[in-house]
Amino acid sequence: MESPYDIYCGLDVGKFSHYAVAIGVDGEKLADGEFPQDEVKLCELFTRLADQGRVLVVVDQPNTIGALPVAVAQNLGVDVAYLPGLAMRRAADLYPGNAKTDARDAFIIADTARSMPHTLRAIDKESEVLAALKVLAGFDEDLTHECTRTINRLRNLLLGVSPALERVFSGTRLTQSLVLELFIKYHGPIGLREAGKAKVMRFARSKSTRDPSRLIDEIFEALSQQSVSVSGTAAV
C-alpha cells in the first residue's frame, strides 16, 4: 500500500526545545537536529520539509509543551498526529540500544509513524470553545486540589491544639458551610471560648437554616475537656 506521506517528522518535544528527525518513505533522514520552542524556527523546519513533499508531523505530547509545534504545523496546513506513550514504549523495544536520548526518541517516533501508522492518533484542530473548556477543566482541578490541601491543613492545626474539638468535625463535617463560618468568625478554640456558648449560638442561628444546637453543644463540650493551652494555640 502506497504511503499517503512523503516525509515523516518525529518530534521529541521539550520545554525549551524539540528534537526533530524527519525521514522519507525509504527511511532516509531528511532532517536531524534540535529546534527551539519558537514559532519562526518551527515554521522554517515544517516549510522546508513541506517543499519536498507531503509531510506528517508526529509528536509524543500534543498538549502543554507540545502545543506550539502542533499549532504551527496546523497553521501551515501540515498534518499532525500523536504517538501515545504506551505505543512509544512498545515501539522503542523493537530498536537496538536502550539509551534514552532525544535524538533516538525522535527517530523512533518518525520511523514508527512510517512503518506502523496504525499506532498513531489523529490531532484535529480544536475550536476555541473546546480549548477554553480544557483550560477551565484544569483550573477546576487545581481548585479541587487546593481545597483538599487547605482542609487537611485546617484539620492538622486543630488536631495539634485541641484534639477533642477536631473530633467534633470528623469526616466531611469540617467542610460544612456553618462550620467554616464559625472558623471565619471565631478562628479557633480561644475565640470560641472567649465568645461564649450563648453568643456563638446566636451567630450560628443567623447563618444556618437548621437548628445548630447539637453542633454548638458538641463544640463547647469538646472545649470543656481541655483546660490547658497548647503552645502556639493563639497563632494557630
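Remarks
- Within region 1-53, considering residues that are open to solvent by less than 80 Å² (accessible area, probe 1.4 Å) and β-branched (Val, Ile, Thr), the one nearest to the chain's Cα centre (by Cα): Val13
- Members of region 84-100 that are in a loop (DSSP other than H, G, I, E, B) and under 12 Å from Arg121 (Cβ atoms): Pro84
- For region 195-212, filtered to residues that are among the charged types (D, E, K, R) and over 42 Å from the mean Cα position of the chain (by Cα), the residue that is most open to solvent (accessible area, probe 1.4 Å) is Arg202.
- Contacts under 7 angstrom Cβ, first residue in region 142-157 being in contact (Cβ under 8 Å) with a residue 12 or more places away in the chain and in a helix (DSSP H, G or I), partner open to solvent by less than 80 Å² (accessible area, probe 1.4 Å) and of a type in the set (S, T, N, Q), 6 or more apart: Ile151/Thr175
- The set of residues from region 158-187 being in a loop (DSSP other than H, G, I, E, B) and among the small types (Gly, Ala, Ser) comprises Ser162, Ser170.
- Any hit, region 101-116, residues being modelled with pLDDT under 90, part of a helix (DSSP H, G or I) and either more than 19 Å from Gly14 (Cβ to Cβ) or open to solvent by 50 Å² or more (accessible area, probe 1.4 Å) (or both): no
- The C-beta contact set for region 167-179 (first residue of a type in the set (S, T, N, Q), second residue surrounded by 14 or more Cβ atoms within 10 Å (Cβ to Cβ) and part of a helix (DSSP H, G or I), distance under 7 angstrom, 6+ apart or interchain) comprises Thr175/Ile151.
- One residue from Leu159, Leu215, Leu192, Leu223 being at pLDDT 90 or above and within 35 Å of the chain's Cα centre (by Cα): Leu159
- Residue in region 64-83 that is modelled with pLDDT under 90 and in a loop (DSSP other than H, G, I, E, B) present: no
- Residue count for region 199-236, restricted to those that are assigned to a helix (DSSP H, G or I) and under 14 Å from Tyr186 (Cα atoms): 11.
- The number of residues in region 66-100 being buried (at least 16 other Cβ atoms within 10 Å of the Cβ) and touching a Lys or Arg at 6+ places or on another chain (Cβ under 7 Å) comes to 3.
- Evaluation of Pro62 against (1) without any contact (Cβ under 8 Å) to a residue 60 or more places away in the chain; (2) touching a helix residue (DSSP H, G or I) at 6+ places or on another chain (Cβ under 6 Å) (one fails), failing number: (1)
- Test result for Ile190, part of a helix (DSSP H, G or I), open to solvent by 80 Å² or more (accessible area, probe 1.4 Å), among the β-branched types (Val, Ile, Thr) and over 30 Å from Val13 (Cβ atoms): no
- Looking across region 135-166, just one residue is basic (Lys, Arg) and open to solvent by less than 100 Å² (accessible area, probe 1.4 Å), and that is Arg155.
- Extreme residue, surrounded by the most Cβ atoms within 10 Å (Cβ to Cβ), among residues of region 54-63 that are in a strand (DSSP E or B) and touching a Leu at 6+ places or on another chain (Cβ under 7 Å): Val57
The values are calculated or read from the model by the stated rules, or taken from the named source; none is laboratory data. Please read all numbers here as calculations on a predicted model, not as lab measurements. As a convention, Cβ positions derive from the backbone with ideal geometry for all residues, glycine included, and neighbour counts pool all protein chains shown. All accessible areas refer to the heavy atoms of the entire protein, side chains included, with ligands and DNA or RNA removed. Shrake-Rupley method; radii C 1.70, N 1.55, O 1.52, S 1.80 Å.
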